[in-house]
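The values are calculated or read from the model by the stated rules, or taken from the named source; none is laboratory data. It should be emphasised that the depicted structure is a prediction, and the values quoted were computed from it without experimental measurement. Cβ atoms come from the backbone with ideal geometry, glycine included; neighbour counts cover every protein chain shown. We work out accessible area using only protein heavy atoms, side chains counted, and drop any ligands, DNA or RNA first. Shrake-Rupley method; radii C 1.70, N 1.55, O 1.52, S 1.80 Å.
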Amino acid sequence: MTIDAVLEPDVAPFDRSAAVRPTASRTARLLIVDGEAIVRFGLRQLVAPDPELAVVGEAASPRDALVVADRCPPDLVILDVDLGRGDSAGVELARMLLERHRGVRILVLTGSRDREVMRRTVRLGVHGYLRKGAETVEILRAIHALLRGESVFDSRGPGTPADVVREEDRPAVRQLGGAMLTDRENQVLRLLAVGMSNREIGARLLISEATVKFHVRNLRDKLEVRRRTEIVYTATRQGIV
């Protein structure tokens, strides 16, 4: 489903007068996307005292968010996937932002408790997921952690994104090119194929570096190779990647 398919045709234009220009070349540019004006205002007030952060735009809809992001590419987007038109619009927006703006970090800050929404955003590769109601200091820490290249998940209680990630590690074994690989092993393999390090793979999949090493070791064993560098070559020859 595309964004246009879930949006009404009349979308209010973004108010550029509300944007704050970065005050220094190293100031991180933030885009706030939330359907509630009071939430956008609160987040703007939260980061305003921090000299390392500058809100360069805000939007209440996916369409406006894309316009703002294209005009002034952000370093980090704080996104509520529930934008008043169903979660699909917010999830699709996350996908498009990640595709159109390489290097952008996305922090999902939402009240949605839908496990499928969590699963879909995790699979897309969002870098953080917090529930609305998190302490302000926790939100600030998450913002800075994401800007440092880390990932942050709200791990409190059942049904959290951390639970979703653990679920992804479990079953679903598939036969590909002669080697029986789990879904997680296939995810690790695809990221190895694009040259990511164990640390980068862990950050993308939201698992520890030690867990990545475990999966890499399993890949070596299943593909019957000795070196990490042989994994992608062998998998390519077997038609797995």
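Taking amide H atoms as placed 1.01 Å from N in the peptide plane, the amide H of Tyr129 lies under 5 Å from those of Val108, Val152, Phe153, Asp154, each 5 or more residues away in sequence or on another chain. Ranked from largest to smallest solvent-accessible area, with a 1.4 Å probe on the protein heavy atoms, Tyr233, Tyr129 come out as Tyr233, Tyr129. The H on the amide N of Ala28, modeled in the peptide plane, is under 5 Å from the matching H of Leu53, Ala54, each at least 5 residues off or on a different chain. Within region 111-130, which residues have the backbone N less than 12 Å from the label spot 7 Å out from Arg190 along Cα→beta-carbon, could you tell me? Inside the label zone: 123-125. Would region 58-134 count as rounded, prolate or oblate if I go by the C-alpha gyration tensor, calling it rounded below 1.5 in a/c and otherwise prolate when a/b exceeds b/c, oblate otherwise? Prolate, because a/c is 1.5 or more and a/b exceeds b/c. Starting from the Cα of Asp221, move 7 Å in the Cα-to-Cβ direction to define the label point; list residues of region 183-205 whose amide nitrogen is under 15 Å from there. Residues passing the 15 Å test: 185. Phi-derived couplings, Karplus 6.51 cos²θ - 1.76 cosθ + 1.60 at θ = phi - 60°, listed residue by residue for region 106-122: 10, 10, 7, 10, 9, x, 5, 10, 6, 5, 5, 5, 4, 4, 5, 6, 4 Hz, with x used for Gly and Pro.
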